[in-house]
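Student: Take a look at the following structure, please.
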Amino acid sequence: MERANHISYALADEAATVAFGRELAAAIAYVLDEAMHKASGSQNLCVYLLGDLGAGKTTMSRGIIQALGHIGAVKSPTYTLVEPYEIADTNGKLRQVYHFDLYRLADPAELEFLGLDDYFTGSSLCLIEWPARGGDFIPAADIILTLSDNLGGLNLGRQLHCESVSSVGNQVLLSLQTHQHSTAIVNDAADSLNNKRAH
């Protein structure tokens, strides 16, 4: 099967960013649930979200977290560093999701006091904004999402680049492609982009 190391998408607006997060969540849930049913047991997943301030990292996280079943607001954990979510799926099984925002972290060593070992175990999903500020205290990513605003400097939406850097990350991106979760989102965004450039 072809490796899905890199995929790029055009996201027209905030709604498209949330919608893509929902589709990515479906692929993540599928892969993590498959791992639970196999002899390999539980599998955790770490997603890095890269991009400038306002590029859509928290918006993307909101789409992912709400799609997994969280009801209510998803706030940026800028001051708390991490926001935990315990979400019950349709079968009543609990899924642990941790949303990190390390933007205000002064020193990576501060993360020692958070008890990080508890976060990156089992079948948890960890979404990490500004991961470079965590240094060696956070694990390597399985998937890296890079968001850039204002495509081509024309204020035409966001560019999203997805990169898998592990075997489980590869499985997620392959699931995303195989099931064509985001075809409508990507096509609509691309059509909008092409129409704006034509005028």
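Student: Here's a check for you: in the range 80-113, which residue that is more than 15 Å from residue 134 (Cα to Cα) and part of a loop (DSSP other than H, G, I, E, B) is modelled with the highest pLDDT?
Tutor: The qualifying residue modelled with the highest pLDDT is 93.
Student: Look at residue 142 and say whether it is in contact (Cβ under 8 Å) with a residue 40 or more places away in the chain, within 29 Å of residue 93 (Cα to Cα) and of a type in the set (D, E, K, R). Give the steps one after another, and end with the answer.
Tutor: Values: in contact (Cβ under 8 Å) with a residue 40 or more places away in the chain: yes; within 29 Å of residue 93 (Cα to Cα): yes; of a type in the set (D, E, K, R): yes.
Judged against the criteria, residue 142 is a match.
Student: A follow-up question, please. Residues of the range 159-175 being touching a Leu at 6+ places or on another chain (Cβ under 8 Å), part of a helix (DSSP H, G or I) and either surrounded by fewer than 22 Cβ atoms within 10 Å (Cβ to Cβ) or not hydrophobic (A, V, I, L, M, F, W, C) (or both), which ones?
Tutor: 168, 169
The values are calculated or read from the model by the stated rules, or taken from the named source; none is laboratory data. All values reported here derive from a predicted model rather than from experimental measurement. Cβ coordinates were reconstructed from backbone atoms using ideal geometry, including for glycine residues, and neighbour counts include every protein chain displayed.
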